[in-house]
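The values are calculated or read from the model by the stated rules, or taken from the named source; none is laboratory data. Predicted, not measured: the structure shown is a model, and the values here were computed from it. As a convention, Cβ positions derive from the backbone with ideal geometry for all residues, glycine included, and neighbour counts pool all protein chains shown.
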Amino acid sequence: MPMRIAVGSVSNAMRGKRLLEQHGIRAYVRRYASAEDHGCGYSLYLPHTHGEAIRWLNEGGVHGVPYEERDGG
Amino acid sequence: MIYLDHAATSFPKPPEVYRAMACAASRYGANPGRGGYGMAVSTAEALYRVREEAAQLFGVSDPRRVVFMPSCTAALNTVIRTVADGGRVVISDLEHNAVTRPLYAASAVCDTAHVTATDDDATVAAFERAITPFTRAVVCTYVSNVTGAVLPVKRLAALAHRRGIPIVIDAAQAAGVVPIDVEGDALDYVCVAGHKGVYGPMGTGLLLCLEDRPLIPLSVGGTGSESMRPDVPDTLPERLESGTQNVPGLIGLGAGMRWVRRHGVEAIGARERAVASRIYEQLRATDGIRLHSPSPAVGTGVISFTAETVGVAALSDALGRGGFAVRGGFHCAPMAHRTLGTLSEGTVRLSVGAYTTVQEGEKFVQFLKKITGNPLFFRG
């Protein structure tokens, strides 16, 4: 089950990607848009859900918010 | 031409800087931080690696506190506008216009501390006397662009913090030449020129922040995130980076910083001081030459001098015609010339870089002796 985490700016996304890589988690930087979250921004896409990802991001100063993506279905 | 104007801008750059810029122009052509397709993300990642490179070189643990700027001047304007607005600040008596003019524009009142190039205790004491309960910040250069004198910024930062105020460092002449440790030395704001001692191209600069504090941006606009908000994002670096970034320039800067890290700031600085010291000693032994810099052994590779028999403009012009790139005049730092007593016409300044050789220095001194020893050279 993939996991998507909104992190705001592209710098947050790059920082978050590095933080997760340090814990052996592969993450991809993706673009997202949500009017509820101030508009455009970046997210981290994790191919597999990881329960500690949000905590590790927060500890590294990246505020991450998990979200669901509309899949067009 | 023998290039001795590295304090204005370093030249040439290491070959990898030119290669990185050329590569960036074709490989990283998308707008970073805007799109989500492959090249947009890879360009953003390439720029983030530049932040990481700067963070490692300058002792910043979070690369997001490395802010890209078009120049050191823009970085200084950004910080000064916030910290000094209409208040009192303490500056040194060697400041460049990149410090004094933003302070003037911000209607700041400046209290000045005298720098004693050969006595750090005296310099720190002068700053201590100048700070009052009304002082909002200390703003000072790390290395004088006129004399090469090095200020004890770590001690000045500690002093400022004891008095509850931040310190802003103009590191235009220091970065890449003397070690800078933002977090280790608790330097609140460090403003860096990308095109001097870190061998990036012109049009690049950095603002290094000890913490993510709410600085007022010089310009606002698109940042690629939080686009529904009426104002720019709260956090660094995006808060201060509206508009599209200078991708080829910044990637060139990254290559320059990588080159500096590979060779070592201490090693580069020591080599420049050794070359400049040879020149300095020869000039000191030359009749009619007056030195206005401390020995490079306690400064950097910047040497200001004047000649008894010929004016600054004529001398620098003659050196230029002789194939030596030096700068004459006030070097955008009239305050320093008031301090040095050279306010009437400034100084001739030579400044060495990482590639300057002892032999080039000797050729310079020989030519200088030849023309200053021959009054006929300047007639007609």
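The set of residues in segment B:214-234 being hydroxyl-bearing (Ser, Thr, Tyr) and surrounded by fewer than 19 Cβ atoms within 10 Å (Cβ to Cβ) consists of B:219, B:227.
Restricting segment A:24-36 to residues that are of a type outside the set (Lys, Arg) and surrounded by 12 or more Cβ atoms within 10 Å (Cβ to Cβ), the residue that is farthest from the other protein chains (Cβ to nearest Cβ) is A:25.
Here is a yes/no grid of residues against (1) surrounded by 23 or more Cβ atoms within 10 Å (Cβ to Cβ); (2) within 12 Å of chain A (Cβ to nearest Cβ); (3) closer than 20 Å to residue B:193 by Cα; (4) free of Cβ contacts under 8 Å to residues at least 60 places away in the same chain:
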{"residue": "B:4", "(1), (2), (3), (4)": "yes, no, yes, no"}
{"residue": "B:9", "(1), (2), (3), (4)": "no, no, yes, no"}
{"residue": "B:18", "(1), (2), (3), (4)": "no, no, yes, no"}
{"residue": "B:35", "(1), (2), (3), (4)": "no, yes, no, yes"}
{"residue": "B:38", "(1), (2), (3), (4)": "no, yes, no, yes"}
{"residue": "B:76", "(1), (2), (3), (4)": "yes, no, yes, no"}
{"residue": "B:79", "(1), (2), (3), (4)": "yes, no, yes, no"}
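The one condition from (1) more than 14 Å from every other protein chain (Cβ to nearest Cβ); (2) surrounded by 16 or more Cβ atoms within 10 Å (Cβ to Cβ); (3) more than 18 Å from the chain's Cα centre (by Cα); (4) not aromatic (Phe, Trp, Tyr) that residue B:94 does not meet is (3). Among the residues of segment B:256-288, those that are hydrophobic (A, V, I, L, M, F, W, C), farther than 20 Å from residue B:118 by Cα and surrounded by 20 or more Cβ atoms within 10 Å (Cβ to Cβ) comprise B:257, B:259, B:260, B:265, B:268.
Consider residue B:325 carefully, then state whether it is without any contact (Cβ under 8 Å) to a residue 24 or more places away in the chain, not β-branched (Val, Ile, Thr) and not assigned by TED's automatic domain parsing to the domain that holds residue B:171. Write out each step before concluding.
Details: without any contact (Cβ under 8 Å) to a residue 24 or more places away in the chain: no; not β-branched (Val, Ile, Thr): yes; not assigned by TED's automatic domain parsing to the domain that holds residue B:171: yes.
When the stated conditions are applied, residue B:325 does not pass them.
A search for C-beta distances below 7 Å between a residue of segment B:221-247 that is more than 9 Å from chain A (Cβ to nearest Cβ) and any residue that is basic (Lys, Arg) and buried (at least 19 other Cβ atoms within 10 Å of the Cβ), counting only pairs 6+ apart in sequence or on different chains, returns B:232/B:239.
For segment A:1-22, give me each residue that is surrounded by 13 or more Cβ atoms within 10 Å (Cβ to Cβ) and more than 13 Å from chain B (Cβ to nearest Cβ). If the condition is that a residue be surrounded by 13 or more Cβ atoms within 10 Å (Cβ to Cβ) and more than 13 Å from chain B (Cβ to nearest Cβ), then A:3, A:5, A:20 are the ones that fit.
Residue A:49 meets each of the listed conditions (1) surrounded by fewer than 17 Cβ atoms within 10 Å (Cβ to Cβ); (2) within 14 Å of another protein chain (Cβ to nearest Cβ) apart from (2).
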